[in-house]
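A.B. asks: Please read through the structure below; I'll follow up with questions.
What follows draws every value from the coordinates through simple rules; no lab data is involved. Keep in mind that what you see is a predicted model, and the values were worked out from it rather than measured. We place every Cβ from the backbone using ideal geometry, glycine too, and count neighbours over all the protein chains shown.
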Amino acid sequence: MTADGSGAVEIRRALVRLRRTTGLPVAFGGLVEAVRPQMLISELNGTATGSLSRLAVTSGTGLGGRAVALARPCAVTDYSAARQISHEYDTAVAAEGLRSVLAVPVVVRRRVRGVLYGALRTPQPLGDRTLSAAVAAARDVEQALVVQEAARELLAAARPEPASHGGGAAWEQVREAHAALRALVPRISDPGLRSELLSVCGLLTPEGSTGEVCLTPRELDVLACVAAGATNAVAGERLGLRAETVKGYLQSAMRKLGTHTRGEAVVAARRAGLLP
């Protein structure tokens, strides 16, 4: 199994972006396995054969293994003739007809989690623009994995239901976790994890909605941030929205709740069972 099954989705999207921004005919990649020091190539884009599919690349071997071991981008102009790498995978690479290849590691919390490859079928140097685009694609994957890990950590912390629903430090922590989870939900591409996050958000409002007020998901996101003490600007940063947009959602929620201030809106939402 891979270190993170949902990470394959991010790798796949990054490969599409890599080919689109660089014009490279071939891109492929995969995740480092959790229990063994090897990377499994699981995602292919632009390949003509299946020779690279499910290829297990051990750390330190070949170009990708070198990128894993060094935790930095590596490239060769002519794969089969390159002296700086070992050649355990020459047969698979030659079957696909690849010559010039780059490999960029995906590094999260100082650990290599995967590798993105880009390749040409001709032996010519891959310029700085191509390398920069590959690094940018890898950074996108890294950020997505960081968000997913943060979401899982919050899920683990938020699942225990508090003994009481009153005030106190413990309940304030629940409210902070609820706001953080709602802020993460729109940034999660994995539908299973997104659904789980929303389910836990529901568990953190144990009384349930009364049904008297129906707020949109974004209105709830904004109110959760406001309830945690965020300004419009801070809420916008957390939710990926402009401060003016946050203000619009907040005003809409206030109208639906029949309130006139931010504080009144939060209190009304809690009474309606919409917020913890």
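A.B. asks: Could you work out the equivalent-ellipsoid semi-axes for segment 162-271, taking the square root of 5 times each eigenvalue of the Cα gyration tensor, largest first, in whole Å? Before the final figure, lay out the partial values.
C.D. replies: Working: eigenvalues 74, 68, 38 Å².
Semi-axis lengths for segment 162-271 are 19, 18, 14 Å.
A.B. asks: Let me have the relative contact order for the chain, percent, based on Cα pairs under 8 Å that are six or more residues apart. Don't skip to the end; give the middle numbers.
C.D. replies: Numbers: 469 pairs, mean separation 36.2, N = 276.
Relative contact order of the chain: 13 percent.
A.B. asks: For segment 45-115, which trypsin sites (Lys or Arg not before Pro) are both in a DSSP coil and crowded by at most 13 other Cβ atoms within 10 Å?
C.D. replies: Numbers: sites: Arg54, Arg66, Arg83, Arg99, Arg109, Arg110, Arg111, Arg113; in loops: Arg54, Arg83, Arg99, Arg109, Arg110.
Hits after loop and neighbour filter: Arg54, Arg83, Arg109, Arg110.
A.B. asks: Still on this structure: Which one of Met39, Leu52, Val26 is farthest out on the positive end of the charge dipole of segment 1-73, using unit charges on Cβ (Lys, Arg +1; Asp, Glu -1) and the Cα centre as origin?
C.D. replies: About the Cα centre, the residue reaching furthest to the positive side is Val26.
A.B. asks: In addition: Viscosity 1.002 mPa s, temperature 20 °C: give me the Stokes-Einstein translational D for segment 30-82 in µm²/s, with Rh taken as the Kirkwood radius over C-alpha pairs.
C.D. replies: Values: Rh = 11.9 Å.
The Stokes-Einstein estimate is 180 µm²/s.
A.B. asks: Where does each of 220-227, 186-193 land if you order them by average Cβ count within 10 Å, highest first? Could you put the intermediate results ahead of the total?
C.D. replies: Numbers: 220-227: 25.6, 186-193: 14.9.
The packing order, highest mean first, is 220-227, 186-193.
A.B. asks: Is segment 208-266 rounded, prolate or oblate when judged by the Cα gyration tensor, a ≥ b ≥ c being the square roots of its eigenvalues, rounded requiring a/c under 1.5 and prolate requiring a/b larger than b/c?
C.D. replies: prolate
A.B. asks: Still on this model: Taking amide H positions as placed in the peptide plane 1.01 Å from N, state which residues far from Thr58 in sequence (5 or more) or on other chains have amide H under 5 Å from it.
C.D. replies: The answer is Met39.
A.B. asks: Give me the dipole magnitude in Debye, nearest 20, for the chain about the Cα centre, with unit charges on the beta carbon: positive for Lys and Arg, negative for Asp and Glu. Walk me through the intermediate numbers first.
C.D. replies: Numbers: 33 positive and 25 negative charges, 104 e Å.
It works out to roughly 500 debye.
A.B. asks: If you add up the charges near Gln124, with Lys and Arg at +1 and Asp and Glu at -1, over every other residue whose beta carbon is less than 11 angstrom from its beta carbon, what do you get?
C.D. replies: Net local charge, Gln124 excluded: +1.
A.B. asks: Let me ask another. Label points 7 Å out from Cα along the Cβ direction at Lys247 and Thr91: separation in nm?
C.D. replies: 6.7 nm
A.B. asks: Percent antiparallel among DSSP beta bridges with both residues in segment 1-109, to the nearest 5?
C.D. replies: Restricted to segment 1-109, the bridges split so that about 100 percent are antiparallel.
A.B. asks: Which of Glu264, Glu43, Glu142 moves the most in a Gaussian network model of the chain with Cα springs under 10 Å?
C.D. replies: Glu264
A.B. asks: Same structure again: Could you give the length gained on full extension between Val267 and Arg36, defined as 0.36 nm per residue of separation minus the Cα-Cα distance, in nm?
C.D. replies: Values: separation 231, 0.36 × 231 = 83.16 nm, distance 5.08 nm.
Additional length available on full extension: 78.1 nm.
A.B. asks: Related question: Taking each pair of different alpha-carbon atoms in segment 7-151 once, compute 1/r for the pair, average those values, and report the inverse of that mean as the Kirkwood hydrodynamic radius in Å to one decimal. Write out the running numbers ahead of the final one.
C.D. replies: Values: mean 1/r = 0.0682 Å⁻¹.
Hydrodynamic radius (Kirkwood, Cα pairs) of segment 7-151 is 14.7 Å.
A.B. asks: Of the listed values (i) 18.7; (ii) 16.5; (iii) 22.2, grab the one calculated as mean projected area of the Cα convex hull in nm² from the structure here.
C.D. replies: For mean projected area of the Cα convex hull in nm², the calculated option is (ii).
A.B. asks: Can you check what the net charge comes to around Ala179, using other residues whose Cβ is under 9 Å from the Cβ of Ala179 (Lys, Arg +1; Asp, Glu -1)? Provide the component values of the computation, followed by the final result.
C.D. replies: Details: positive: Arg175, Arg182, Arg238; negative: Glu176, Asp221.
Result for the local shell: +1.
A.B. asks: Name the long-range amide H neighbours of Val106: under 5 Å, sequence gap of 5 or more, or other chain; modelled H, no Pro or chain starts.
C.D. replies: For Val106, whose amide H was placed from the backbone, the distant partners under 5 Å are Arg113, Gly114, Val115, Leu116.
A.B. asks: Choose one of Ala243, Pro217, Leu184: the residue whose Cα lies farthest towards the positive end of the charge dipole of segment 162-271 (beta-carbon charges +1 Lys, Arg; -1 Asp, Glu; about the Cα centre).
C.D. replies: It is Ala243.
A.B. asks: Net charge within 11 Å of Ser252 by Cβ-Cβ distance, Lys/Arg positive one each and Asp/Glu negative one each, not counting Ser252 itself? If you can, show how the numbers build up before the last one.
C.D. replies: Details: positive: Arg218, Lys247, Arg255, Lys256; negative: Glu219.
Charge balance in the 11 Å sphere: +3.
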